[in-house]
1. Identify the single condition in (1) farther than 17 Å from Phe168 by Cα; (2) surrounded by 16 or more Cβ atoms within 10 Å (Cβ to Cβ) that Asn277 does not satisfy, given that it satisfies every other one.
2. Please work out which residue is surrounded by the fewest Cβ atoms within 10 Å (Cβ to Cβ), limiting yourself to the stretch 160-190 and to residues that are under 11 Å from Asp285 (Cβ atoms) and in contact (Cβ under 8 Å) with a residue 60 or more places away in the chain.
3. If you take the residues of the stretch 280-298 that are small (Gly, Ala, Ser) and not in a loop (DSSP other than H, G, I, E, B), which of them is surrounded by the most Cβ atoms within 10 Å (Cβ to Cβ)?
4. Mind listing just one residue for me: the one in the stretch 35-44 that is in contact (Cβ under 8 Å) with a residue 40 or more places away in the chain and either surrounded by fewer than 17 Cβ atoms within 10 Å (Cβ to Cβ) or assigned to a helix (DSSP H, G or I) (or both) and, of those, nearest to the chain's Cα centre (by Cα)?
5. Identify the residue in the stretch 196-226 that is under 20 Å from the mean Cα position of the chain (by Cα) and not in a strand (DSSP E or B) and, among all such residues, is surrounded by the fewest Cβ atoms within 10 Å (Cβ to Cβ).
6. What's the number of the only condition in (1) out of contact with any strand residue (DSSP E or B) (no Cβ under 6 Å at 6 or more places or on another chain); (2) at pLDDT below 95 that Thr227 fails to meet?
7. Which pairs do you get when a residue that is at positive phi, found in the stretch 267-294, comes within reach of a residue that is aliphatic (A, V, I, L, M), reach meaning Cβ atoms under 7 angstrom, with the pair 6+ apart or on two chains?
8. Restricted to the stretch 231-260, and to residues that are surrounded by fewer than 16 Cβ atoms within 10 Å (Cβ to Cβ) and modelled with pLDDT under 95, which residue is farthest from Ser197 (Cα to Cα)?
Amino acid sequence: MFRNNDELWFSYCKAHVPNLLRAAKNKWSFNATTGQIKSAGALELNNEHWCWYLKNPDRKAKQKLKIKECNENSVRQKFNLINGRIHFAGSTVNQPDLCVNVEEHRILNNGNTRVGSPIIARRCMVNEFGSCDINMVSPAGENFSNSAFTGQIRPMGINSPESNICLFKRWNGYKPTLTVWFKSCDSNHTPKKFVWSYNSTSGLIASEGSRLSDPNDVYCLRLSDNTRFLDQRVRLANCDENDVLQQFDYRDGRIYSRGNSRLCGSYDYAKFEKGVNGVGVGLADFVFSTCYENVWAITDDNLNKFYF
């Protein structure tokens with residue numbers, strides 16, 4: 001039933017099916033003291049102790065998560081919860097910051113007869129914006145998912161450090177190809193650089209700062225390539241609602257390319273928190289790449305139990 005190096009998968013939840021063995025494979029508990037994520041099902045069914053395990057903390061590229069017999073002294077079984085994300089907590093200073101992810105487009109399009117995708121660890125990208133219709137609501141009360149929105153674009157999180165991070169137009173002036181970044185919302189920049197509008201019909205995300213500077217020369221967010229799955233920086237371009245590279249959809253807290261829904265927007269958590277070689281802390285570029293789901297919900301009365 002449970003064996004060393006069994007893979008973890010994300011699929012239809014069977015935690016409440018009559019078959020006890022199937023149900024057991026879907027139940028997990030988190031111990032904040034030890035940092036371990038343990039199979040609650042194996043413990044309930046057979047009094048066995050199996051925990052999540054990361055084989056290679058030095059690997060930046062994606063790797064599958066597996067289970068091992070629980071060992072509180074193993075750094076490869078240490079995790080932490082930050083704003084709904086499951087972070088690997090066993091890294092040293094020189095090792096990458098990793099999160100638990102699922103490659104979204106593979107869940108239903110994996111070419112297999114079963115529905116699902118492996119749970120993997122990879123570098124941690126923040127890709128959910130807004131929470132309970134709060135962090136992406138304008139002063140006038142519009143929500144980002146409405147047909148018209150004007151306000152700040154912030155990562156998901158209420159009363160957390162990430163709730164004070166905003167998308168802003170970096171550099172002086174407004175012109176094509178300038179990049180956009182995430183930074184503290186109250187940093188020493190012109191406030192208009194942090195204000196954006198979204199039209200769900202056209203899909204355009206416009207810089208309201210550029211509109212204030214010149215109503216006849218408004219700039220919008222644009223991708224360079226809808227077929228590029230690795231990181232690409234988001235840049236400014238003269239607004240054109242017929243340009244598919246400027247068209248975006250907002251679903252489930254993520255900002256997707258309308259031209260290729262495999263791509264969604266994000267920023268690198270480690271780059272923002274630590275900078276690059278210690279330089280640029282508190283600053284990260286807005287990029288699009290293959291979308292990974294990495295925010296998890298707790299769905300049991302026991303506040304430390306997950307169902308996968």
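1. For Asn277, the exception is condition (2).
2. The extreme case among them is Thr179.
3. Only one residue tops the list, namely Ala284.
4. Ala40
5. Selected residue: Asn226.
6. Unmet condition: (2).
7. Pairs that qualify, where the first residue is at positive phi and the partner is aliphatic (A, V, I, L, M), are Gly275/Val281.
8. Asp252
The values are calculated or read from the model by the stated rules, or taken from the named source; none is laboratory data. Computed from a predicted model, the values in this text were never measured in an experiment. Here the Cβ is made from the backbone with ideal geometry for all residues, glycine too, and neighbour counts use every protein chain on show.
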